[in-house]
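FYI, it's all coordinate maths here, none of it is from the lab. Predicted model only: the values in this text are computed from it and were never measured. Cβ coordinates were reconstructed from backbone atoms using ideal geometry, including for glycine residues, and neighbour counts include every protein chain displayed.
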Amino acid sequence: MAHTFVKDVMISDLITLDVSTSVKDAAKLMDKNNIGCIIVTKNQLPIGILTERDFVKRIAAEGKPLYAPLEEVMSSPIIEVNPNETVWEAAQIMKTNNIHKLPVKKDNQIIGIVTATDLVKICSVGSDSEMRKICDQIITRMQKK
C-alpha cells in the first residue's frame with residue numbers, strides 16, 4: 001500500500017464534452033452513464049471539470065439556466081495529479097484543495113481520474129496490520145506538517 005500509484009487505481013474510462021455543451025446535455029450524459037463528473041474541453045484540450053458539486057454550487061444555487069454552456073459553470077483551472085504519484089500524494093492534493101475528484105494528467109491530456117470513493121475503497125481492503133501501517137503513515141505525515 002505504501003507504494004500504490006495513481007496509475008494503478010485511476011479510472012481511465014472518462015467522458016469529455018466541449019465547453020459549448022449545455023448544462024442539460026451534460027446532466028443527461030452524467031445520469032445515463034452514472035458518473036459524477038465530466039472533463040470539459042476546448043479544441044480537444046482539457047480546460048475544466050464539471051462535477052455534481054458544480055450542479056449545486058454553480059447551477060442550482062445561482063439559478064443558471066439549463067441551456068447555459070459548460071464554460072459558465074465548470075471548475076477551472078483543473079487541479080490534477082501525475083499518474084506516477086502515489087495515492088498518498090493524490091489524497092493530499094484532494095484534502096488541500098477540498099475536492100473529491102482528481103483528474104490524472106499526462107502529456108497535456110487527462111488520462112484518468114481518482115475519486116475520494118476510490119481512495120476509501122483502497123483503504124478498506126487488507127488486513128488489520130495493513131490498516132495499522134496505513135494509519136501510522138498518515139499520522140507520521142500529519143506530524144511532519
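Any residue at all in the stretch 35-48 that's without any contact (Cβ under 8 Å) to a residue 60 or more places away in the chain, surrounded by 15 or more Cβ atoms within 10 Å (Cβ to Cβ) and under 14 Å from residue 99 (Cα atoms)?
Yes, some residue in the stretch 35-48 is without any contact (Cβ under 8 Å) to a residue 60 or more places away in the chain, surrounded by 15 or more Cβ atoms within 10 Å (Cβ to Cβ) and under 14 Å from residue 99 (Cα atoms).
Could you pull out the residue among 54, 25, 18 that is touching a Ser or Thr at 6+ places or on another chain (Cβ under 8 Å), charged (D, E, K, R) and over 26 Å from residue 121 (Cβ atoms)?
Being touching a Ser or Thr at 6+ places or on another chain (Cβ under 8 Å), charged (D, E, K, R) and over 26 Å from residue 121 (Cβ atoms) holds for just one of 54, 25, 18, which is 18.
Quick check on my filter: what residues within the stretch 16-42 are of a type outside the set (Val, Ile, Thr) and part of a strand (DSSP E or B)?
Within the stretch 16-42, 17, 18, 22, 37, 42 meet the criteria.
Looking at the stretch 102-111, is at least one residue exposed (fewer than 14 other Cβ atoms within 10 Å of the Cβ) and over 30 Å from residue 123 (Cβ atoms)?
Within the stretch 102-111 (the criterion being exposed (fewer than 14 other Cβ atoms within 10 Å of the Cβ) and over 30 Å from residue 123 (Cβ atoms)), the answer is yes, since at least one residue qualifies.
So, in the stretch 51-71, how many residues would count as being exposed (fewer than 15 other Cβ atoms within 10 Å of the Cβ) and touching a residue at least 12 places away in the same chain (Cβ under 8 Å)?
Going through the stretch 51-71 one residue at a time, the tally reaches 4.
Name the single residue, out of those in the stretch 40-77 being of a type outside the set (Asp, Glu) and touching a Gly at 6+ places or on another chain (Cβ under 8 Å), that is nearest to residue 116 (Cα to Cα).
Top of the filtered list is 51.
When the residues of the stretch 1-34 are filtered to those that are of a type in the set (A, V, I, L, M, F, W, C) and farther than 30 Å from residue 138 by Cα, which remaining residue is surrounded by the most Cβ atoms within 10 Å (Cβ to Cβ)?
Top of the filtered list is 26.
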